[in-house]
Amino acid sequence: MGRSGAGKTSMRSLIFANYSAHDTRRLGATIDVEHSTVQFMGDMSLNIWDCGGQHKYLDNYMNEQKENIFGNVEVLIYVFDLETANKDSEYTLYDECINNLGKYSRDAKVYTLVHKMDKIPEADLKEAKLDMYRRALAKRSDLFMPEVFGTSIWDNTLFHAWSQIVRRLVPSMSTIERHLERFQKLTEAAEVVLFERATFLVVCSINSDKGAGSNKYMIVSQAIKTYRNRCTAIQSALQSFEIRNRDFSLFIEPFTKSTFILVITTDPEIEPAVTKANIKAAQPHFQDKLLI
Amino acid sequence: DITQNKDEDSLAERRVLLMGMPRSGKTSILAVIFDNMQPYDTLSMLPTVQRGTYRMSMGITVYDFPGIDDYSETQYNNLSPSVYEGEHASLVYVIDSQGDIQTSLSTMYSIIRMAQSVNPDIPINIFLNKVDGLSEELRQDIQQDVQNRVMKTMTYESLNSTFVQFFLTTIFDESIKEALSRVVRRLVPKYNSLETILNSFCSKSSLDKAFLFDISTKVFLATDSSPTDSLMYMFACHTLEAIQDIVAICAGYTAMGEEEAGLQKTVVGMDGSFKIYVYQVNSYSVLLCLNTMLIARQDSLIEYNGSKIAKAIRQILR
Ligand SMILES: Nc1nc2c(ncn2[C@@H]2O[C@H](COP(=O)(O)OP(=O)(O)OP(=O)(O)O)[C@@H](O)[C@H]2O)c(=O)[nH]1
Ligand SMILES: Nc1nc2c(ncn2[C@@H]2O[C@H](COP(=O)(O)OP(=O)(O)O)[C@@H](O)[C@H]2O)c(=O)[nH]1
Ligand SMILES: [Mg+2]
């Protein structure tokens, strides 16, 4: 949800349809609701409703269509355009969504994306802007306690937000996490990351240095997605990466039927061939036991 | 990397001179190649008033000259003919192929006359720039047309046309880097030895293609003598970019210092039997090889040979 021009279709096209940021200039306004279904992490299918934000549609959503639109919602992603001139009417729309969600899908999770952050170059001003939204939204969201992300199609913040949103939809996440942690211990790897195959969103990451967040893997997400698109020009598809120097070895390999794995080792005693064999050996376990 | 310099005597020995009419795209070209500027961001570029300097590896330097409107005495009074001197100088003349080509060409002849009066053998590279948005057919027509006109005029004016080359370029794809690569190869020290080594590596390891890349600009400094397919070159550039992005997350693990110990090696696996091998040669260059029809047992052989070739190249460049 969000006003027309906020960037909803752009972000959907970037994450789920191999668009580049430049390609989004070709998008027209969304007519009514565009439904799409994407397979995610094996057995999951995400039903995405991209709701066109022009007035005539919004009225309809809040009136005749409200049960249809707001019933059975698991996640509401509300997109704010940072540059909206009329903040009051923006919040009015947001309030209406929250009200209806409270009536028809009380257990839904709400995320708000403050979008087009690239228009504010300075990091501290970005933070201030987000804080402002956080405060305003905390007051008006009742039981939903929305999480607020700053995003832009021009950097990896969008991948970060969507990774966070989507991984919480995976029911077996804590099991996957546990198994991945065991894999990391057994292989003595410094870092292990699971990426979803189609979107390359980060599903789960284990880092021996606990302080480091998963944010840095978004660079990899974006690099691989871009590279995969570019590979189509030579009619080939990317399989794997293996980067080595004296200090580390990095592997990116197809893992289960719905994931890729990234493994970084920093111990020079560990032979690359052994790491690769370990990845192969763990694959059936993850695929058959965790069904991913 | 850009520094302003008025002193003509201090031009580097191995140099590329970028000239052309205002707004033909010279500064944009260099900003995209050397400063990683996004092509769209060049739209707000201001006119160049002072010569800009862009340094590449191997002592090769590219000079960005202010745009020349028409070649009058006043505008070029302060440009010493010595900029064209020496056997390692190369002239690039940039033409806006969607602009006034005729005017641009007449200015070019004045420059060529001056350049050849001090250096008859100076290579002349004509970049037909801004071909984005033009159909393939139109591009070919423009190149044919300009080529015919230039050759006719140069013959008529008894100018030396032996070292004239034409390129279709745009900052929106890798064509501009490929063109600069072909300009630069004549300035690369020991180019012949490099080419020989790459040829023998390709034939011994049955590789399709090998490039020696300048890491920061992705201009190739040398390649084997098989024909260079633009699509392959573009793909090689994209592969290097992907590697650079991915490896950035390992920055914390690499100790700075001793150059050779930190050298990096990458294997990228594609569908079927297609692999790309990348060996870092030194701090500023990598060897990238493509093998599209890999036979399983070749794999370890290429890895072994590749490291040896990278070392040999490192020694040649020392
Ligand atoms: N469409 C298109 N535009 C280009 C290309 N290269 C440059 N331009 C545009 O052309 C305009 C002028 O480019 P500049 O690089 O400033 O031209 P210049 O020759 O250095 O100009 P002077 O400094 O006055 O000599 C900019 O708006 C660029 O974005 C290209 O390959 N395609
Ligand atoms: N500067 C900037 N523009 C964006 C961003 N995301 C989308 N846009 C632009 O905003 C316009 C409207 O986007 P669109 O996705 O069609 O909006 P929608 O009506 O909400 O579906 C398009 O021209 C996009 O290119 C962003 O992160 N930064
Ligand atoms: Mg839309």
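Placing unit charges on the Cβ atoms only, positive for Lys and Arg and negative for Asp and Glu, gives segment B:190-317 a dipole magnitude near 320 debye about its Cα centre. Taking all Cα pairs closer than 8 Å and separated by 6 or more residues, the relative contact order of chain A comes to 15 percent. Within chain A, the longest run free of GluC sites (Glu not before Pro) that sit in a DSSP loop with at most 12 other Cβ atoms within 10 Å is A:123-268. Scanning chain A for trypsin sites (Lys or Arg not before Pro) that sit in a DSSP loop and have at most 15 other Cβ atoms within 10 Å, the longest stretch containing none of them is A:1-105.
Shape of segment B:190-317 from its Cα gyration tensor (a ≥ b ≥ c, root eigenvalues): rounded if a/c is under 1.5, otherwise prolate when a/b > b/c, or oblate? Numbers along the way, then the final one.
Numbers: a/c = 1.42, a/b = 1.21, b/c = 1.18.
It is rounded, given that a/c, with a ≥ b ≥ c, falls under 1.5.
For the pair A:Glu34 and A:Asn86, a Förster radius of 25 Å applied to the C-beta separation gives a FRET efficiency near 0.50, rounded to the nearest 0.05.
Shielding by partners for A:230-242, please: the mean number of other protein chain Cβ atoms within 10 Å of each residue's Cβ. The partial results should precede the final answer.
Details: counts 7, 8, 0, 4, 10, 2, 6, 4, 6, 7, 5, 10, 5.
Mean shielding by partner chains, rounded to a whole number: 6.
Placing unit charges on the Cβ atoms only, positive for Lys and Arg and negative for Asp and Glu, gives segment A:10-71 a dipole magnitude near 260 debye about its Cα centre.
Structure remark: mean-square fluctuation, Gaussian network model of chain B, C-alpha springs under 10 Å; the largest value among B:Tyr63, B:Tyr84, B:Tyr304 belongs to B:Tyr304. Normalised by the number of residues in segment B:3-186, the mean separation of alpha-carbon contacts (under 8 Å, six or more apart) gives a relative contact order of 24 percent. Sites listed here are chymotrypsin sites (Phe, Trp or Tyr not before Pro) in segment B:123-168 whose DSSP assignment is loop and whose Cβ has at most 15 other Cβ atoms within 10 Å: B:Phe163.
The alpha carbon gyration tensor of chain A gives principal lengths a ≥ b ≥ c with a/c of 1.5 or higher and a/b greater than b/c, which makes the shape prolate.
I'd like the antiparallel share, as a percent to the nearest 5, of DSSP beta bridges with both residues in chain B. Let's see the in-between values first.
Values: 26 of 47 bridges.
Bridges in chain B that DSSP calls antiparallel: roughly 55 percent.
Distance check, please: which entries in A:Lys185/A:Lys276; A:Lys116/A:Lys257; A:Lys87/A:Lys129; B:Lys265/B:Lys311 exceed 22 angstrom between their Cα atoms? Walk me through the numbers on the way to the answer.
Numbers: A:Lys185/A:Lys276 15 Å; A:Lys116/A:Lys257 34 Å; A:Lys87/A:Lys129 13 Å; B:Lys265/B:Lys311 12 Å.
Going by Cα-Cα distance, A:Lys116/A:Lys257 fall outside the 22 Å limit.
For chain B, the longest principal axis of the C-alpha atoms and the axis of helix B:191-204 are separated by about 40°.
Across peptide B:231-238, the mean count of Cβ atoms from other chains lying within 10 Å of each residue's own Cβ comes to 3.
Using the Karplus relation 6.51 cos²θ - 1.76 cosθ + 1.60 with θ = phi - 60°, the per-residue 3J(HN,Hα) values for segment B:50-60 come to 10, 4, x, 10, 10, 9, 10, 5, 6, x, 7 Hz, with x marking Gly and Pro.
In chain A, the longest principal axis of the Cα atoms and the axis of helix A:87-104 are about 80 degrees apart.
Can you tell me how segment A:228-292 classifies by the Cα gyration tensor, rounded, prolate or oblate, using a/c under 1.5 as the rounded cut? List each step's numbers first, then the result.
Values: a/c = 2.87, a/b = 1.11, b/c = 2.58.
Oblate, since a/c reaches 1.5 and b/c is not below a/b.
For the protein assembly as shown, the fraction of C-alpha pairs farther apart than 49 angstrom is 23 percent.
Can you give the extra length, in nm with one decimal, that the chain gains between B:Thr292 and B:Phe172 once fully stretched, where that is 0.36 nm per residue apart less the Cα-Cα distance? Please list the in-between numbers first.
On the way: separation 120, 0.36 × 120 = 43.20 nm, distance 2.67 nm.
My answer for the length gained is 40.5 nm.
For the protein assembly as shown, the antiparallel share of DSSP beta bridges with both residues in that region comes to about 65%.
Values quoted throughout were computed directly from the atomic coordinates according to the rules given, and no laboratory measurement underlies them. Because the structure is predicted, anything quoted here is derived from the model rather than measured. Backbone-built Cβ (ideal geometry, glycine too); neighbour counts: all protein chains shown.
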